[in-house]
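Undergrad: One structure coming up, written as structure tokens, with questions to follow.
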Amino acid sequence: MKSRISSSLRLLPLFALLNLASISNSYAQNPTGLQQAVKSDYQSYLAPLFDYFHRNPELSFVETKTAARLAQELRAAGFEVTEGVGKTGIVAILKNGPGPLVMMRADMDGLPVIEKSGLANASTVMQKDKDGNLMPVMHACGHDVHITSLIGTARRMSGLRQQWSGTLMLIGQPAEEVVAGARAMMADHLWTRFGQPDYAITFHVNAAVEAGKIDAVEGSPWSGVDTVDILIHGQGAHGASPHRGKDPIVLGAQIVIALQTIISRERAPRDPAVITVGSFHSGTKSNIISDQAKLQLTVRSESAQTREMLLAAISRVALNTARAAGIPENQLPEISMIGDPAPPTLNNIALTQRLKKVWTEKIGSAIFDTHYQRMDMGAEDFAQFTTTPYIPSVYYSVGGTPKAAFDAEKAGGNPVPSHHSPLFKISAEPAIVTGVETAVIALLDLLKKNP
């Protein structure tokens with residue numbers, strides 16, 4: 001494999017070889033040297049790359065241009081790249097002698113959101129999604145930070161090959177926003193084709209964490225998620241004659257309220273769980289009682305036991321509320337699981353402690369945002385890579401919002417926009433620099449020679 005790597009490097013443009021050489025030479029054996037090298041690479045190379053990704057977001061499973069550019073950049077850094085894994089995913093491999101196989105992932109997809117951030121490079125892209133619907137597209141969750149940082153990490157690790165041994169696997173994952181991309185890559189025989197990692201890491205830029213800092217949870221940074229649809233059958237009638245029908249809107253409203261008692265009265269108070277009805281559709285006109293209503297739910301949990309209890313309770317509430325309203329047995333609500341569930345993301349505690357220790361040693365304890373507290377039950381599909389088979393992994397957060405913005409919010413100013421908001425914006429330089437620096441430190445530790 002060494003000869004193949006050498007051959008591929010000989011084919012690189014001269015400027016790329018010089019860049020990789022300068023990366024290697026600029027790294028002094030201290031965090032200040034690494035940070036300076038990453039900052040220099042950001043200013044000269046990564047900043048325009050981030051600008052390109054931010055201006056040109058793509059939706060889940062149609063990230064064709066994004067994947068092509070990511071593959072191009074990783075090849076230029078000396079990696080052997082395979083495209084089209086799990087539809088639009090990519091896998092990049094750099095073998096560098098004996099040692100463990102370590103995976104780092106970055107998700108690539110944007111969201112169907114009209115960008116209203118006011119940024120000079122705000123997206124104006126319209127794109128057809130995988131179902132052919134024309135939608136606005138925005139990187140409203142920071143995946144542009146992730147893929148830019150993955151490229152920065154690849155460039156850095158390629159230039160530092162004399163300091164580590166093993167195999168580095170970089171993954172560009174599609175369709176995280178629809179919780180389907182990781183499963184698609186696994187269904188495409190990811191580990192059989194490329195090897196099962198000994199360790200896996202990833203990070204997510206976080207608007208609730210101060211830019212330039214990180215957070216690493218010894219436990220669950222992300223919840224598990226299920227998507228549930230409830231199709232309610234009623235009996236249509238004139239709006240002036242409700243007694244001649246069975247109103248599915250009233251029945252749906254009763255189900256929505258009853259679902260909340262599962263959280264407040266059936267789940268243990270210290271056991272995290274969420275049932276949110278995000279969509280309620282029925283009817284066409286004010287004076288027509290419809291014959292159907294549809295509820296769409298997101299269900300969040302952090303253990304298999306809680307998940308099982310929630311799903312069983314949702315079914316029980318929907319069916320028996322309908323029975324109480326006089327709906328016949330052959331017209332009871334239809335309850336469907338939509339898409340693929342995602343298990344909770346569980347950081348390996350020993351591995352998390354190991355990386356927190358090396359980050360503290362190389363950068364200092366000030367790198368950790370001690371004010372951040374996880375307050376939501378956001379979910380994602382990284383755990384599809386690491387749960388079955390089990391792979392020790394760490395998923396950490398990288399700050400994306402300047403301290404001044406938090407101070408202004410506390411003083412009564414504008415609130416910091418959340419992820420998935422049309423106002424979402426990230427301070428790119430500190431986020432990407434911190435992401436690359438912490439990723440490189442972690443990877444050098446996991447791939448260190450003669451451990």
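The values are calculated or read from the model by the stated rules, or taken from the named source; none is laboratory data. Since the model is a prediction, treat every value here as computed from it, not as a measurement. Reconstructed Cβ throughout: ideal geometry from the backbone, glycine too, with neighbour counts over all protein chains shown.
Undergrad: Every residue in the stretch 266-296 that is touching a residue at least 12 places away in the same chain (Cβ under 8 Å), over 16 Å from PRO248 (Cβ atoms) and not basic (Lys, Arg), please.
TA: GLU266, ASP271, PRO272, ALA273, VAL274, ILE275, THR276, GLY278, listed by residue number.
Undergrad: Are there any pairs, at least 6 apart or on different chains, whose C-beta atoms fall under 9 Å, with the first in the stretch 124-152 and closer than 21 Å to LEU168 by Cβ and the second part of a strand (DSSP E or B) and of a type in the set (Ser, Thr, Tyr), and if so, which?
TA: The qualifying pairs are HIS146/THR202.
Undergrad: Go through ALA200, ALA175, ALA208 for me and flag whichever is crowded, with 24+ Cβ neighbours inside 10 Å and in a strand (DSSP E or B).
TA: ALA200
Undergrad: Based on what the data block shows, is ARG354 over 30 Å from SER60 (Cα atoms), free of Cβ contacts under 8 Å to residues at least 40 places away in the same chain and either surrounded by fewer than 20 Cβ atoms within 10 Å (Cβ to Cβ) or not assigned by TED's automatic domain parsing to the domain that holds GLN235 (or both)?
TA: In short, no.
Undergrad: Of ALA240, ALA293, ALA268, ALA253, which residue is out of contact with any strand residue (DSSP E or B) (no Cβ under 9 Å at 6 or more places or on another chain) and modelled with pLDDT of 95 or more?
TA: None of the other options fit; the residue is ALA240.
Undergrad: Output the number of residues of the stretch 285-317 satisfying the condition of being in a helix (DSSP H, G or I), within 30 Å of ARG244 (Cα to Cα) and within 27 Å of the chain's Cα centre (by Cα).
TA: The qualifying residues number 1.
Undergrad: Still on this structure: If we scan the stretch 430-449, do we find a residue that is within 17 Å of ASP369 (Cα to Cα), in the same structural domain as TYR45 (by TED's automatic domain parsing), modelled with pLDDT of 95 or more and assigned to a loop (DSSP other than H, G, I, E, B)?
TA: no
Undergrad: Okay, moving on. Which members of the stretch 326-362 meet the condition of being aliphatic (A, V, I, L, M), modelled with pLDDT of 95 or more and part of a loop (DSSP other than H, G, I, E, B)?
TA: If the condition is that a residue be aliphatic (A, V, I, L, M), modelled with pLDDT of 95 or more and part of a loop (DSSP other than H, G, I, E, B), then ILE327, LEU332 are the ones that fit.
Undergrad: A further question follows. Which of the residues spanning the stretch 382-429 are more than 16 Å from GLU176 (Cβ to Cβ), in a helix (DSSP H, G or I) and of a type in the set (A, V, I, L, M)?
TA: ALA404, ALA405, ALA408, ALA428
Undergrad: Right, something else. Among the residues of the stretch 402-420, are any in contact (Cβ under 8 Å) with a residue 12 or more places away in the chain, among the small types (Gly, Ala, Ser), crowded, with 18+ Cβ neighbours inside 10 Å and over 20 Å from VAL358 (Cβ atoms)?
TA: Checking the stretch 402-420: not a single residue is in contact (Cβ under 8 Å) with a residue 12 or more places away in the chain, among the small types (Gly, Ala, Ser), crowded, with 18+ Cβ neighbours inside 10 Å and over 20 Å from VAL358 (Cβ atoms).
Undergrad: Filter the stretch 133-166 down to the residues that are closer than 28 Å to SER418 by Cα and of a type in the set (Gly, Ala, Ser), then identify the one that is surrounded by the fewest Cβ atoms within 10 Å (Cβ to Cβ).
TA: In this case the residue turns out to be GLY142.
Undergrad: Go through the stretch 158-182 and give me each residue that's under 11 Å from LYS87 (Cβ atoms) and modelled with pLDDT of 95 or more.
TA: If the condition is that a residue be under 11 Å from LYS87 (Cβ atoms) and modelled with pLDDT of 95 or more, then GLN173, PRO174, ALA175, GLY181 are the ones that fit.
Undergrad: Going through the stretch 52-87 one residue at a time, which ones are of a type in the set (Gly, Ala, Ser) and under 24 Å from LEU168 (Cα atoms)?
TA: ALA67, ALA68, ALA71, ALA76, ALA77, GLY78, GLY84, GLY86 - these are the residues of the stretch 52-87 that are of a type in the set (Gly, Ala, Ser) and under 24 Å from LEU168 (Cα atoms).
Undergrad: Among residues belonging to the stretch 241-267 that are outside any helix (DSSP H, G or I) and more than 28 Å from the chain's Cα centre (by Cα), point out the one that is surrounded by the fewest Cβ atoms within 10 Å (Cβ to Cβ).
TA: Checking each candidate, the answer is SER241.
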